[in-house]
Amino acid sequence: MKKGKLVLAGMCMALALGMMTGCSQAQKSESAQTSAEKAADGAGENKDSSDGKVVIGVSTKTNTNPFNIEVADAISKAVKEGDEVIFTDAQQNQAKQINDVEDLIQQGCNVILIAPVDWQGTRGMLEACQRAGVHAIIIDQNIPEEDAKIASAVVCSDNYNAGKLCAEDLVKKLDGKGEIVIYESSISKAGLDRVSGFEDYIADYPEIKVVNRQDGLGQIEASLPVMENMLQANPDIAGVFAFNDPAAIGCIAAIESANKIGDILVYGVDGSEQGRKMVVDKKLEGTAAQFPSEIGKQAVETAYKLMNGEIVEKLNLIPVKFINIENVNQ
């Protein structure tokens, strides 16, 4: 077994049991999308709560990520007594998510909260909800502007600022110069926004040079071998920006295997329990913390406003906070 894998196994054992992460590549299914559209056509034009009960459906991309679990818990707590919430798990599969939304429409949901597997693959689901008279709220990440116009609302973290906060700290710690690498994800709009915020900030520091960047999944297991390869190709790197905490933790495992802990500054985004532990252990320099409970709470509040006929904000950004060794225990 490779040394990197041994390090990873040890790190994972040290983390809280049951805290699994994932953000895998999704594939679109045109046939499944057509099925969802047909379901919407037969679901009726207007969903009303004639019996006084509001039914909120939630299509999660995965129920194994601690962040998603916290969002789901907040949603459950925010739903009013007497109303109902129905959860589905797309298991990081785009086709399954489309079918899940179809099922939620058929089950009579008044509002459906969708955490997209693929930020560019929501249009068919949104149109299906629209035809069925179901309010659709996108949560966790933004979507293309033309698709967001169809959605009832979007509730997500200020991901652009999350990347910017990490960049500010990195530039300060490196005195404005050094070679760095980026681990990003093209299927995650949240990840893309974070990288944009990071790159826009370092653009003012020409001596900070991005010498390598790789597109991958937001998983510990996925980022480990990628980071091993980047270390071999770029042995003098001084910093790493990973688009989420699980990816950052995988990068740390590779760095630890190469005996370079302390020599390379690693940044992530989430402020997860795992990420905070890595900050305490002085292996993760910092993480831009999201507030999943606030996302879940605000999504449900928005759902009730829509059901009451109120006008809501189309884009609702939840503020983020930079976490490092100085404030990790606050």
- Message: Just to be sure I understand the filter: pairs with C-beta atoms under 9 Å, separated by 6 or more residues or on different chains, first member in the stretch 257-273 and touching a residue at least 24 places away in the same chain (Cβ under 8 Å), second member part of a strand (DSSP E or B) and basic (Lys, Arg). Which pairs pass?
- Response: Gly271/Lys321
- Message: Being surrounded by fewer than 24 Cβ atoms within 10 Å (Cβ to Cβ) and either closer than 25 Å to Asp193 by Cα or basic (Lys, Arg) (or both) is the filter here; which residues of the stretch 95-114 pass it?
- Response: Ala95, Lys96
- Message: Criterion first (outside any helix (DSSP H, G or I) and among the aromatic types (Phe, Trp, Tyr)) does Tyr201 satisfy it?
- Response: no
- Item | Leading residue by the ranking (nearest to Gly52 (Cα to Cα)) among those in the stretch 88-116 that are out of contact with any strand residue (DSSP E or B) (no Cβ under 9 Å at 6 or more places or on another chain) and either part of a loop (DSSP other than H, G, I, E, B) or among the hydroxyl-bearing types (Ser, Thr, Tyr) (or both) | Gln91
- Message: Test of understanding: among Lys77, Lys38, which residue is open to solvent by 30 Å² or more (accessible area, probe 1.4 Å), modelled with pLDDT of 95 or more and in a helix (DSSP H, G or I)?
- Response: Lys77
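Please work out which residue is surrounded by the most Cβ atoms within 10 Å (Cβ to Cβ), limiting yourself to the stretch 198-217 and to residues that are in contact with a strand residue (DSSP E or B) (Cβ under 9 Å, 6 or more places away or on another chain) and closer than 17 Å to Leu165 by Cβ. First the steps, then the outcome.
As a first pass, look at the stretch 198-217 and keep what is in contact with a strand residue (DSSP E or B) (Cβ under 9 Å, 6 or more places away or on another chain): 198-199, 202, 207-216.
Narrowing the set further to residues that are closer than 17 Å to Leu165 by Cβ leaves 198-199, 202, 208.
Numbers: Phe198: 28, Glu199: 18, Ile202: 25, Ile208: 22.
The qualifying residue surrounded by the most Cβ atoms within 10 Å (Cβ to Cβ) is Phe198.
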- Condition test on Lys172, is it open to solvent by 10 Å² or more (accessible area, probe 1.4 Å), without any contact (Cβ under 8 Å) to a residue 12 or more places away in the chain and either under 19 Å from Lys61 (Cβ atoms) or outside any strand (DSSP E or B) (or both)? yes
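Applying the selection to the stretch 182-198, what residues are among the aromatic types (Phe, Trp, Tyr) and assigned to a helix (DSSP H, G or I)? Give the steps one after another, and end with the answer.
Restricting attention to the stretch 182-198, the residues satisfying the condition of being among the aromatic types (Phe, Trp, Tyr) are 183, 198.
Listed by number, the list holds a single entry, Phe198.
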- Task: Filter the stretch 279-293 for residues that are within 19 Å of the chain's Cα centre (by Cα) and either of a type in the set (Val, Ile, Thr) or not in a loop (DSSP other than H, G, I, E, B) (or both) and give the result.
- Result: Gly286, Thr287, Ala288, Ala289, Pro292, Ser293
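Which members of the stretch 139-163 meet the condition of being assigned to a helix (DSSP H, G or I) and either surrounded by 22 or more Cβ atoms within 10 Å (Cβ to Cβ) or within 14 Å of the chain's Cα centre (by Cα) (or both)?
Across the stretch 139-163, the qualifying residues are Asn159, Tyr160, Ala162, Gly163.
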- Failed item, numbered, when Gln232 is tested on (1) touching an Asp or Glu at 6+ places or on another chain (Cβ under 9 Å); (2) assigned to a helix (DSSP H, G or I): (1)
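Every residue, every condition in (1) open to solvent by less than 10 Å² (accessible area, probe 1.4 Å); (2) outside any strand (DSSP E or B); (3) within 21 Å of Tyr160 (Cβ to Cβ); (4) in contact with a Gly (Cβ under 9 Å, 6 or more places away or on another chain), yes or no:
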position: Ile180; (1), (2), (3), (4): yes, no, yes, yes
position: Ala247; (1), (2), (3), (4): yes, yes, yes, yes
position: Ala254; (1), (2), (3), (4): yes, yes, no, yes
position: Gly268; (1), (2), (3), (4): yes, no, yes, yes
- Somewhere in the stretch 256-263, is a residue on the phi > 0 side of the Ramachandran plot, open to solvent by 40 Å² or more (accessible area, probe 1.4 Å) and at pLDDT below 95? yes
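The values are calculated or read from the model by the stated rules, or taken from the named source; none is laboratory data. Because the structure is a prediction, the values reported are computed rather than measured. For neighbour counting, all protein chains shown are included, and Cβ atoms are generated from backbone atoms with ideal geometry for every residue, glycine included. For accessibility, only protein heavy atoms count, side chains too; no ligands or nucleic acids. Shrake-Rupley method; radii C 1.70, N 1.55, O 1.52, S 1.80 Å.
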